[in-house]
Amino acid sequence: MQLRPEAITIYDVLPGRVAAYRVAEIRPQVGGIVRNRLFRQGSEVEAGQPLFQIDPAAFAAEVDMAAAALSRSDAALNRTEAQVRRVEALLKTNTATQQAYDEAIAARAQAAADVAYGRAALERRTLDLGFATIRAPIAGRIDHALASEGLLATPGGTSPLAIVQQIDRVYVDLRQPARRLDALRGLARPDEADAGTPVEILSADGKAYPVVGRLLFSGISVDPGTGEIVLRVEADNPQRLLLPGMFVRARLAREKRPAALLVPLQAVQRDGNGVEHVSIVEDAGRVVRREIVTGGQIDGRVVVESGLRAGDQVVVEGQDRIQPGAQVNALPWRVERVADAEPHR
């Protein structure tokens, strides 16, 4: 076959781990005995959906007590306001002293403060009563319950009651050498600044998942221990095929070349020292051996980094029956035979 330059994109296939888009630990904000679990384990829950019910009796009683205290404070405020009005009327007729008036004003201010305190206390007790019903902070899939009926729930406990994970969208975390970061950034087109470079997510057997992955350049970080860059890929996951913790592979573009030379894998041979070479047929029909350096593989072909140039006639099949310097009658190689090389990838 005669070598001709081609525009290609070289891909890397990297291992990665799936992570949930958002994770929420379900924890109690008030203490009490868990009376009911209100969800089915492994189901989808909506934001605000009740998940656990803590015994609300004590909180309801505290709400009643706070409401009664507020009513008492309101009554005291009304009494002090009436007292202020009476002292004002007596002061105009000089039958009350200025000190009595000042004391009435101070008593009214204190009663007003007691009302404000009682109203805040009632709001706080009402909040505690609402916290007795533990709700989902986000929508997503809820794992198995880590608490059952009868558990004494306490704020600040070490273990959550359950975990909700949003997985209709997920992250896939990949690793690559830091030296390739500039090449990755160079692949991103200006219109991909927000959308991200497309990434194909593959299963363990190499089949592509029907999801759309995008490389988030804002999510790139460097592992200080290994010097590798951690790439974060965001993928839509409407069918919930990707689950947190799964190991997958991602097919990620490494670089684009406008004029690359490729030869079929079966055209490349190695000598006893592992040096790669191919057989070239010169214009006179004479065979010569040419050492080459290869790069990545694409569909049964390998990229030639050096050693060949456009227009070279490369022997694809039959090179094991010829020696350098031999005269041959070269026949065109059929391109469809690339499929025969697939098992050697």
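The values are calculated or read from the model by the stated rules, or taken from the named source; none is laboratory data. Only a predicted model underlies this, so the values are computations on that prediction, with no experimental measurement involved. A quick note on method: Cβ atoms are made from the backbone with ideal geometry, for glycine too, and the neighbour counts reach across all protein chains shown.
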| field | Enumerated strands (runs of 3 or more DSSP E) restricted to region 257-316, each holding at least 1 residues that are farther than 15 Å from residue 2 by Cα | value | 276-281, 287-291, 293-298, 301-306
| said: Tally up the residues in region 45-71 that are over 29 Å from residue 138 (Cα atoms) and either without any contact (Cβ under 8 Å) to a residue 24 or more places away in the chain or not in a helix (DSSP H, G or I) (or both), please. | reply: 4
| field | Selection count where residues are of a type outside the set (A, V, I, L, M), over 13 Å from the mean Cα position of the chain (by Cα), surrounded by fewer than 18 Cβ atoms within 10 Å (Cβ to Cβ) and part of a strand (DSSP E or B), scope region 19-36 | value | 3
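Residue-wise test of (1) under 14 Å from the mean Cα position of the chain (by Cα); (2) within 19 Å of residue 11 (Cβ to Cβ); (3) hydrophobic (A, V, I, L, M, F, W, C).
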residue	(1), (2), (3)
216	yes, yes, yes
242	yes, no, yes
245	yes, no, no
251	no, yes, no
283	no, no, no
296	no, yes, no
| query | If you take the residues of region 313-328 that are out of contact with any helix residue (DSSP H, G or I) (no Cβ under 7 Å at 6 or more places or on another chain) and charged (D, E, K, R), which of them is nearest to residue 265 (Cα to Cα)? | reply | 320
| message | Here's a check for you: in region 118-177, which residue that is of a type outside the set (D, E, K, R), outside any loop (DSSP other than H, G, I, E, B) and without any contact (Cβ under 8 Å) to a residue 24 or more places away in the chain is farthest from residue 246 (Cα to Cα)? | response | 120
| request: Taking only region 37-70 into account, find how many residues are of a type in the set (Val, Ile, Thr) and within 28 Å of residue 165 (Cβ to Cβ). | output: 2
| request: Go through region 249-284 and give me each residue that's closer than 21 Å to residue 318 by Cβ and modelled with pLDDT under 85. | output: 283, 284
| query | Got at least one residue in region 72-81 being of a type in the set (Ser, Thr, Tyr) and under 30 Å from residue 172 (Cα atoms)? | reply | no
| Residue list for region 332-345, restricted to those being assigned to a loop (DSSP other than H, G, I, E, B) and either surrounded by 10 or more Cβ atoms within 10 Å (Cβ to Cβ) or modelled with pLDDT under 85 (or both) | 333, 334, 345
| task | Take region 277-307 and flag every residue that is under 29 Å from residue 175 (Cα atoms) and crowded, with 16+ Cβ neighbours inside 10 Å. | result | 294, 295, 296, 297, 298, 300, 301, 302, 303, 304
| query | Among the residues of region 226-241, is there at least one that is of a type in the set (D, E, K, R), farther than 22 Å from residue 165 by Cβ, in a strand (DSSP E or B) and not assigned by TED's automatic domain parsing to the domain that holds residue 332? | reply | yes
| task | Determine which member of the set 16, 42 is modelled with pLDDT under 95, of a type in the set (Gly, Ala, Ser) and not in a strand (DSSP E or B). | result | 42
